[in-house]
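Read the structure below first, then the notes.
The values are calculated or read from the model by the stated rules, or taken from the named source; none is laboratory data. These numbers were taken from a predicted model, which means no experiment stands behind them. Don't worry about glycine lacking a Cβ; one is built from the backbone with ideal geometry, like all the others, and counts go over all protein chains shown.
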């Protein structure tokens, strides 16, 4: 799937997520509640923009923690156990906000990845739309994490 030059397949398959340094990076990023709050707004903007573009009509909405939590789970990246959906969602939001603020991920690129994942999905089916969003956010999260780990968190 591609939209505006961005491919959901641009990242290696989800099962090939690199483990080196990611767990420690997640631990560091998850402690910064400011990042997860900024990430919440970033994620909602990205999703709303991507859904508007893919559907051809304006949309504004909030991404449920359950979608972000599941995207973390399918990413293949090791994360702390015994976390609820909100805490798992905070990890994804924090990573995306960090990558964006450090110019490791652009807003346009993030929207493109989500748009590619949502394009062609029957948005009348809530379940299909959620599954597409989970997969697309997982790709976006892995993209951000690889770039953060390659760059170093600086934390």
- [ ] Take region 86-120 and flag every residue that is surrounded by fewer than 16 Cβ atoms within 10 Å (Cβ to Cβ) and more than 11 Å from residue 46 (Cβ to Cβ).
- [x] 86, 101, 102, 103, 120
Task: Tally of residues being in a helix (DSSP H, G or I) and surrounded by fewer than 17 Cβ atoms within 10 Å (Cβ to Cβ) across region 53-73 - done: 3
Task: Answer residue from region 24-49, given it is closer than 10 Å to residue 61 by Cα and out of contact with any helix residue (DSSP H, G or I) (no Cβ under 8 Å at 6 or more places or on another chain) and is surrounded by the most Cβ atoms within 10 Å (Cβ to Cβ) among those - done: 48
TODO: Go over the candidates 99, 50 one by one and state the one that is touching a strand residue (DSSP E or B) at 6+ places or on another chain (Cβ under 9 Å) and either on the phi < 0 side of the Ramachandran plot or at pLDDT below 95 (or both).
DONE: 50
Task: Close pairs from region 58-87: first over 22 Å from residue 37 (Cβ atoms), partner surrounded by 14 or more Cβ atoms within 10 Å (Cβ to Cβ) and at pLDDT below 90, Cβ under 7 Å, at least 6 apart - done: 74/14; 76/14; 76/17; 78/22
- [ ] Would you mind telling me which numbered condition in (1) assigned to a helix (DSSP H, G or I); (2) within 19 Å of residue 22 (Cα to Cα); (3) within 13 Å of the chain's Cα centre (by Cα); (4) at pLDDT below 95 residue 77 fails?
- [x] (1)
Task: Unique match (being in a helix (DSSP H, G or I) and over 12 Å from the mean Cα position of the chain (by Cα)) among 93, 131, 109 - done: 131
